[in-house]
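Please read the structure below before turning to the comments.
Since every read-out is calculated from the coordinates, none of them should be taken as a lab result. Nothing here was measured: the structure is a model prediction, and the numbers come from that model. Quick reminder, even Gly has a Cβ in these numbers, built from the backbone with ideal geometry, and neighbours come from all protein chains shown.
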Amino acid sequence: MRFEFDGEIFRWSARQEDWYFVELPAEASADIRELPRPPRGFGAVRVQVGIGGSRWRTSVFPDAERGRYVLPLKRSVREAEAIDLAAPVHVHLEVQDG
């Protein structure tokens, strides 16, 4: 299952560190939620991601507050792609579980 979308970046502060995430669209989140897959910690779903020229494997996580899955945005990717945290980011995402 593959998705391509522009997503808003948001910051989550935990302890003394900030984490950045991209919220998946409602439709993509609903599709992922319906996939049969092995249980993983925190409800994680393994994915392969592309933003600009960067490609990596990670997991998306359900965010109960938002009702959607969220994608962690690694610092190395933010820096390599010169991502503006105030602007949407274009994401290519392929689900590896399911």
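Structure above, values below:
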| quantity | calculated |
| --- | --- |
| Residues of the range 9-28 classified as closer than 14 Å to PRO72 by Cβ, among the charged types (D, E, K, R) and free of Cβ contacts under 8 Å to residues at least 24 places away in the same chain, total | 2 |
| Matching option when the condition is within 16 Å of PHE3 (Cβ to Cβ), among the charged types (D, E, K, R) and either touching a residue at least 12 places away in the same chain (Cβ under 8 Å) or out of contact with any Asp or Glu (no Cβ under 6 Å at 6 or more places or on another chain) (or both), among ASP31, ASP63 | ASP31 |
| Matching option when the condition is in contact (Cβ under 8 Å) with a residue 24 or more places away in the chain, of a type outside the set (Gly, Ala, Ser) and surrounded by 13 or more Cβ atoms within 10 Å (Cβ to Cβ), among ASP97, ASP6 | ASP97 |
| Any chance ARG55 is without any contact (Cβ under 8 Å) to a residue 40 or more places away in the chain and more than 11 Å from the chain's Cα centre (by Cα) | yes |
| Strands (runs of 3 or more DSSP E) wholly inside the range 1-86 containing at least 1 residues that are among the aliphatic types (A, V, I, L, M) | 9-14, 17-23, 45-51, 54-63, 68-72 |
| Some residue of the range 76-94 being among the charged types (D, E, K, R), closer than 22 Å to MET1 by Cβ and surrounded by 11 or more Cβ atoms within 10 Å (Cβ to Cβ) | yes |
